[in-house]
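Presented below is the structure to which this report refers.
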């Protein structure tokens with residue numbers, strides 16, 4: 001494909017508005033945030049990955065290769081300290097480990113609000 005210089009005026013060659021006239025964004029045209037659970041029905045079936053991180057540890061590969069059955073890896077958290085809860089690799093909450101019948105679960109104790117960039 002041959003290189004061609006791009007000119008903004010080429011966009012208007014089809015009879016559109018000239019590039020020296022822009023209409024400001026109408027704030028009334030932007031939909032409001034959802035106000036109820038019913039407003040979110042469109043996203044209910046989207047799958048997400050939820051991860052609960054008990055703690056982290058850093059080690060060299062040679063240390064990792066020496067680990068065997070029964071080895072203990074020390075984590076950076078203390079007993080009773082909140083765990084991090086991630087949704088799609090984004091920290092969204094902190095919580096505690098709970099036992100539900102014969103399975104482990106988590107209960108959220110703090111919701112993390114972050115600014116979207």
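The values are calculated or read from the model by the stated rules, or taken from the named source; none is laboratory data. Every value quoted in this text rests on a predicted model; they were computed, and no experiment measured them. Backbone-built Cβ (ideal geometry, glycine too); neighbour counts: all protein chains shown.
Residue-by-condition table, conditions (1) in contact with a strand residue (DSSP E or B) (Cβ under 6 Å, 6 or more places away or on another chain); (2) under 24 Å from residue 115 (Cα atoms); (3) at pLDDT 95 or above:
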{"residue": "29", "(1), (2), (3)": "no, yes, no"}
{"residue": "40", "(1), (2), (3)": "no, yes, no"}
{"residue": "49", "(1), (2), (3)": "no, yes, yes"}
{"residue": "60", "(1), (2), (3)": "no, no, yes"}
{"residue": "71", "(1), (2), (3)": "no, no, yes"}
{"residue": "78", "(1), (2), (3)": "no, no, no"}
{"residue": "99", "(1), (2), (3)": "no, no, no"}
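Of the residues making up segment 77-109, those that are more than 12 Å from the chain's Cα centre (by Cα) and loosely packed, with under 11 Cβ neighbours inside 10 Å are 78, 79, 80, 98, 99, 100, 101, 102, 103, 104. Being surrounded by 11 or more Cβ atoms within 10 Å (Cβ to Cβ) and either part of a loop (DSSP other than H, G, I, E, B) or at pLDDT below 95 (or both) is a description that applies to residue 19.
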